[in-house]
Amino acid sequence: MHKANRAAVVGTAAAALLVSTFTVAASATPENAAQHTKPKSDVAAKTLGALGKRADLRIGTAVDMSALASDAPYRAKAAGEFSSVTPENVMKWEAVEPRRGTYDWAAADKLVDFAEENGQLVRGHTLVWHSQLPAWLNNGDFTADELRDILHRHITGQVTHFKGKIWQWDVVNEAFNDDGTMRNSIWLQKLGPGYIADAFRWAHQADPKAKLFINDYNIEGVNAKSTALHNLVAQLRKEHVPVHGVGIQGHLDVQYSAPHDIATNMKRFDDLGLETAITEADVRIPMPVDNTKLEAQAEAYDVLLRGCLLTEHCTDFTVWGFTDKYSWVPGVFKGEGAANILDENFEAKAAYNAMSADLALAAGRG
Ligand code: XIL
């Protein structure tokens with residue numbers, strides 16, 4: 001479907017669904033309402049990836065390589081349900097260059113092969129970040145010139161290794177603080193804010209066809225951080241820096257209200273001629289789980305996905321893992337979990353059904 005048609009269809013659907021996933025039953029036709037809470041069997045038979053393609057949208061997942069190797073049902077879902085994949089960890093700097101000058105591409109290559117076997121696109125994640133850096137880099141006490149050279153080599157080496165195989169690169173990840181100031185990372189400290197433009201230029205030189213993204217969290221709605229990011233990318237575009245897209249991570253929590261102004265925010269980037277994507281969606285729940293929390297979770301996924309569907313150049317929606325069996329959340333957010341769209345037994349949760357229904361409507365099936 002042409003993007004403009006998609007926006008029109010979704011626009012109509014969204015008007016009906018504006019209040020929330022779960023109040024829709026009262027306002028929509030019985031048919032739509034039934035779809036939203038309990039998918040019709042033909043919708044249920046369609047994977048998110050297949051429904052997304054009909055709406056001109058890739059539906060992706062982060063992939064945990066150890067689960068992929070050891071868990072057959074995980075592997076089957078990762079292969080069958082999604083039309084793009086992102087390595088959860090194996091393309092990060094600490095994974096690919098654990099010792100200075102010693103590269104290990106094996107795990108990342110495995111994911112790229114998996115994607116190729118299954119007709120999926122790959123989001124490369126990530127080239128410049130403050131976290132998951134190798135110890136030799138964190139502890140190296142390099143001069144600015146040395147560090148600039150190290151970064152240049154890293155970006156050129158990694159993008160060249162995967163040249164032609166990566167659809168979108170998260171070139172720069174999490175460069176801002178929530179108040180809109182720039183994060184005081186090793187990169188900002190030693191190289192100044194120009195490291196961002198340099199990173200995009202170097203990545204573009206190495207693979208001119210890859211779409212280059214800047215990615216961050218807490219930028220779903222209009223706020224100080226998303227506005228600072230908007231100002232930066234507007235400036236970069238003016239300077240002809242090859243930045244092509246903005247990745248909105250989408251790590252949410254049912255304790256906080258869902259970002260209902262996400263489409264307004266995403267339109268600002270659309271208006272600059274940039275692509276957008278939801279790159280790491282998950283919605284964590286303070287344990288224990290109950291049905292109210294699961295419904296709030298479904299609504300949050302729905303708000304994120306509809307933001308994307310309402311934005312003409314939103315190209316993909318990626319979940320940060322698809323099953324509660326494997327998730328970074330319990331390890332990082334104390335007392336929280338169950339953040340994904342399938343439960344630990346790979347059964348669909350309300351969040352999965354909400355996504356499925358949204359995509360079916362956007363694909364013109366509603
Ligand atoms: C997380 C992974 O999911 C964990 O397995 C790892 O231990 C830490 O990183 N923002 C990002 C991702 O951009 O790379 C992070 O992934 C989650 C937050």
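Apply the Karplus curve 6.51 cos²θ - 1.76 cosθ + 1.60, θ = phi - 60°, to the phi angles in segment 177-189 and return the couplings in whole Hz, x for Gly and Pro.
Coupling constants for segment 177-189: 8, 4, 7, x, 7, 7, 5, 7, 7, 4, 5, 5, 4 Hz.
One quarter of the convex hull surface, Cα atoms only: what value does that give for segment 319-359 in nm²?
Values: hull surface 11.6 nm².
That works out to 2.9 nm².
Sort out for me the Cα centre separation of segment 53-123 from segment 282-337, rounded to whole Å.
Taking the Cα centre of segment 282-337 as reference, the centre of segment 53-123 is 20 Å away.
With θ set to phi - 60°, apply the Karplus curve 6.51 cos²θ - 1.76 cosθ + 1.60 along segment 294-304 and write out the HN-Hα couplings as whole Hz, x wherever there is a Gly or Pro.
Listing the rounded values in order: 5, 5, 4, 4, 4, 4, 5, 4, 4, 4, 5 Hz.
Straight-line reach from K238: which lysines have Cα under 23 Å away, leaving out those fewer than 8 places along the same chain?
By straight Cα distance, K238 reaches K209, K211, K225, K267.
Assuming 0.36 nm per residue, please report the length gained on full extension of the stretch S257 to H130 beyond their Cα-Cα distance. Walk me through the numbers on the way to the answer.
Working: separation 127, 0.36 × 127 = 45.72 nm, distance 2.80 nm.
Computed gain between S257 and H130 is 42.9 nm.
For the chain, what is the largest minus smallest coordinate of the Cα atoms on each principal axis, given in angstrom and ordered from greatest to least?
The Cα atoms of the chain stretch 65, 46, 38 Å along their principal axes.
Counting only DSSP beta bridges with both residues in the chain, tell me the antiparallel percent, nearest 5. Numbers along the way, then the final one.
Working: 5 of 40 bridges.
Among the beta bridges of the chain, antiparallel pairing accounts for roughly 10 percent.
Sorted by packing (mean other beta-carbon atoms within 10 Å per residue), highest first, where do 79-92, 151-164 land? Don't skip to the answer; put the middle values down first.
Details: 79-92: 21.8, 151-164: 17.1.
Ranking the peptides 79-92, 151-164 by packing returns 79-92, 151-164.
Taking the full set of protein chains and a 1.4 angstrom probe, give the accessible area of D324 in square angstrom, rounded to the nearest 10.
Rounded to the nearest 10, that gives 30 Å².
Let me check something: with ligands and nucleic acids excluded, how do H230, H260 order by accessible area (1.4 Å probe), largest to smallest?
Details: H230 35, H260 110 Å².
Putting H230, H260 in descending order of accessible area: H260, H230.
Suppose only helical runs count, i.e. DSSP H with n ≥ 4. What mean residue ellipticity at 222 nm does that imply for the chain under -39500 (n - 2.57) per run, divided by all residues and rounded to the nearest 500 deg cm²/dmol?
Values: 18 runs with 171 residues, N = 366.
One gets -13500 deg cm²/dmol as the mean residue ellipticity at 222 nm.
In segment 308-366, what trypsin sites (Lys or Arg not before Pro) fall in a loop by DSSP, with at most 13 other Cβ atoms inside 10 Å? Intermediate results must be reported in sequence, preceding the final value.
Details: sites: K325, K334, K349, R365; in loops: K325, K334, K349, R365.
Listed in order of number, the matching sites are K334.
To the nearest 10 degrees, how steep is helix 106-117 against the longest Cα principal axis of the chain, on a 0 to 90 scale?
40 degrees
I'd like to compare 112-119, 127-134: which one has the highest average count of other Cβ atoms within 10 Å, and what's the full order after that? The partial results should precede the final answer.
Working: 112-119: 15.1, 127-134: 18.2.
Highest to lowest by the protection proxy: 127-134, 112-119.
Distance in nm between label sites at E347 and A72, each 7 Å beyond Cα in the beta-carbon direction?
Calculated label separation equals 2.2 nm.
Which chymotrypsin sites (Phe, Trp or Tyr not before Pro) from segment 230-335 combine a DSSP loop assignment with at most 14 other Cβ atoms within 10 Å? Write down the numbers at each step before the final one.
Numbers: sites: Y256, F269, Y301, F317, W320, F322, Y326, W328, F333; in loops: Y256, W320, F322, Y326, W328, F333.
For chymotrypsin sites (Phe, Trp or Tyr not before Pro) across segment 230-335 that sit outside H, G, I, E and B with at most 14 neighbouring Cβ atoms in 10 Å, the list reads Y256.
Helix 3-17 versus the longest principal axis of the chain: what is the Cα-based angle in degrees, 0 to 90, to the nearest 10?
Helix 3-17 sits at roughly 50 degrees to that axis.
Going by amide H atoms built from the backbone, whose H comes under 5 Å of the H on L121, apart from near neighbours?
Long-range HN contacts for L121: S84, V85.
Note the angle between two axes, namely the Cα long axis of helix 350-362 and the longest principal axis of the Cα atoms of the chain, as a number of degrees from 0 to 90, rounded to the nearest 10.
Between the helix axis and the principal axis of the chain, the angle is about 90 degrees.
Past the 26 Å Cα-Cα mark, which pairs from K46/K334; K53/K349; K92/K163? Provide the component values of the computation, followed by the final result.
On the way: K46/K334 35 Å; K53/K349 22 Å; K92/K163 16 Å.
Beyond 26 Å: K46/K334.
Which whole-Hz ³J(HN,Hα) couplings does segment 212-218 yield from phi under the Karplus relation 6.51 cos²θ - 1.76 cosθ + 1.60, θ = phi - 60°, glycine and proline marked x?
Couplings: 9, 10, 10, 10, 7, 10, 6 Hz.
Under a straight-distance cross-link criterion of Cα-Cα below 20 Å, which aspartates and glutamates are reachable from K190, leaving out those fewer than 8 residues away in the same chain?
E94, D141, D145, E146, D149, E174, D198
Treating the beta-carbon of each Lys and Arg as +1 and of each Asp and Glu as -1, no other charges, what is the dipole magnitude of segment 253-356 about its Cα centre, to the nearest 20 debye? Before the final figure, lay out the partial values.
Working: 8 positive and 18 negative charges, 33 e Å.
Here segment 253-356 has a charge dipole of around 160 debye.
Just the accessible area per residue of segment 3-362, please: how many Å² with a 1.4 Å probe?
Details: 14390 Å² over 360 residues.
On a per-residue basis, 40 Å².
The values are calculated or read from the model by the stated rules, or taken from the named source; none is laboratory data. This structure is a prediction, so every number in the text was calculated from the model and none was measured. Using ideal geometry, Cβ is built from the backbone for each residue, glycine included, and neighbour counts are taken over all protein chains shown. Just so you know, the surface numbers come from the protein's heavy atoms only, side chains and all, with ligands and any DNA or RNA stripped out. Shrake-Rupley method; radii C 1.70, N 1.55, O 1.52, S 1.80 Å.
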